[in-house]
Amino acid sequence: KDFSALELTLNKVTFIFARHFGFCYGVENAIERSYKAIKENPDKRIFLISEMIHNPNVNEDLKANGIQFLQDPNGKQLIPFESITKEDIVIIPAFGTTIQIENRLKKIGVNIETYNTTCPFVEKVWNRSEKLGETEHTIIIHGKFEHEETRATFSHSKTNGPSLVLKNMDDAIYLGKIIQGDVEMDNFYTYFEGKYSKDFDPNKDLKKLGVVNQTTQLASDTQAISEYLKATIK
């Protein structure tokens, strides 16, 4: 596909337009299903676990149509789960959500399947992490740890095997120094505090790695991190 920008010059001023823009499939599908939920449930309370996307206009319109957000983008609780009943509608956004939140809603009796709008590409990452776990790989997630999607992916991946979130190449290089012995192993826990799964042991869990990503990260960046780590552990 041609992803080059469109350039238009008028009176010595050049305008550059992206070749492709707008919502991705996952977000478009999630927004459509959210409005469908509003239409199909006029007499029920409707909640979104968090913002559908990081687009103020979309989120404000959803709220104007009666949808309430349970959490903010950072996971801060806005509406207590204790106030949710099994009669309420809860929409899982395109980012997906954590296993902990899914289980909590199931315990209440909420049907989370009908309006689960998790992007299929996000679910593909979860499936990939499961396969990596089956082959005893440690799962490296390239993403922003505070992002909703990465929090969801980390929640799923750590049930499959040791998991660690790397934000960028700088994190990968530091990890490489630990692997190669240029940095003391104990520094792992300080540098990556809060970003590794329970009982992660850098002495044994950094020998066989598999990389997945937050789907909104540049694939080229993820590929570069993957290649760097592959060269480091040889």
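The values are calculated or read from the model by the stated rules, or taken from the named source; none is laboratory data. Just so it is clear, the model here is predicted, and its values are computed rather than measured. Please note: Cβ atoms are built from the backbone with ideal geometry, for glycine as well, and neighbour counts cover all protein chains shown. To get the accessible areas, we keep the full protein, side chains included, count just its heavy atoms, and leave off ligands, DNA and RNA. Shrake-Rupley method; radii C 1.70, N 1.55, O 1.52, S 1.80 Å.
Filtering region 78-91 down to residues that are of a type outside the set (A, V, I, L, M, F, W, C) and in a helix (DSSP H, G or I), which residue is surrounded by the fewest Cβ atoms within 10 Å (Cβ to Cβ)?
GLU82
Being in a helix (DSSP H, G or I) and free of Cβ contacts under 8 Å to residues at least 40 places away in the same chain is the filter here, so list the residues in region 92-130 that pass it.
GLU102, ASN103, ARG104, LEU105, LYS106, LYS107, ILE108, GLU123, LYS124, TRP126, ASN127, GLU130
I'm checking my understanding of the structure. Among residues of region 1-41 that are in contact with a strand residue (DSSP E or B) (Cβ under 6 Å, 6 or more places away or on another chain) and assigned to a strand (DSSP E or B), which one is nearest to THR216 (Cα to Cα)?
Looking at the filtered set, the residue picked out is PHE17.
Picking from GLY133, GLY75, GLY96, which residue would you name as being buried (at least 21 other Cβ atoms within 10 Å of the Cβ) and either charged (D, E, K, R) or under 24 Å from PHE192 (Cα atoms) (or both)?
Going through GLY133, GLY75, GLY96 in turn, just one is buried (at least 21 other Cβ atoms within 10 Å of the Cβ) and either charged (D, E, K, R) or under 24 Å from PHE192 (Cα atoms) (or both): GLY96.
Which of the residues that make up region 68-94 are closer than 14 Å to SER34 by Cα and touching an Asp or Glu at 6+ places or on another chain (Cβ under 9 Å)?
Within region 68-94, PHE69, ILE89, ILE92, PRO93, ALA94 meet the criteria.
I need a count of the residues in region 42-72 that are of a type in the set (S, T, N, Q) and either open to solvent by 80 Å² or more (accessible area, probe 1.4 Å) or not in a loop (DSSP other than H, G, I, E, B) (or both).
Of the residues in region 42-72, 4 are of a type in the set (S, T, N, Q) and either open to solvent by 80 Å² or more (accessible area, probe 1.4 Å) or not in a loop (DSSP other than H, G, I, E, B) (or both).
With the checklist (1) open to solvent by less than 70 Å² (accessible area, probe 1.4 Å); (2) under 19 Å from GLY133 (Cα atoms) in hand, flag the one item ASP199 doesn't pass.
Just one mismatch for ASP199, condition (1).
Among the residues of region 7-29, write down those that are polar (S, T, N, Q) and surrounded by fewer than 10 Cβ atoms within 10 Å (Cβ to Cβ).
Within region 7-29, THR9, ASN11, THR14 meet the criteria.
Please work out if LYS207 is part of a helix (DSSP H, G or I), among the basic types (Lys, Arg) and open to solvent by 60 Å² or more (accessible area, probe 1.4 Å).
Criteria not met by LYS207.
Of THR153, THR222, THR190, which residue is open to solvent by less than 60 Å² (accessible area, probe 1.4 Å), farther than 21 Å from ILE92 by Cβ, polar (S, T, N, Q) and modelled with pLDDT of 95 or more?
Exactly one of THR153, THR222, THR190 is open to solvent by less than 60 Å² (accessible area, probe 1.4 Å), farther than 21 Å from ILE92 by Cβ, polar (S, T, N, Q) and modelled with pLDDT of 95 or more, namely THR222.
From the list ILE178, ILE141, which residue is touching a residue at least 24 places away in the same chain (Cβ under 8 Å), in contact with a Leu (Cβ under 9 Å, 6 or more places away or on another chain) and over 15 Å from VAL211 (Cβ atoms)?
Exactly one of ILE178, ILE141 is touching a residue at least 24 places away in the same chain (Cβ under 8 Å), in contact with a Leu (Cβ under 9 Å, 6 or more places away or on another chain) and over 15 Å from VAL211 (Cβ atoms), namely ILE178.
Would you confirm whether or not region 165-182 contains a residue that is open to solvent by less than 20 Å² (accessible area, probe 1.4 Å) and part of a loop (DSSP other than H, G, I, E, B)?
no
So which residues in region 67-101 are under 18 Å from THR114 (Cα atoms) and polar (S, T, N, Q)?
GLN68, THR85, THR97, THR98
With respect to THR222, determine if the residue is in contact (Cβ under 8 Å) with a residue 12 or more places away in the chain and in contact with an Asp or Glu (Cβ under 8 Å, 6 or more places away or on another chain).
no
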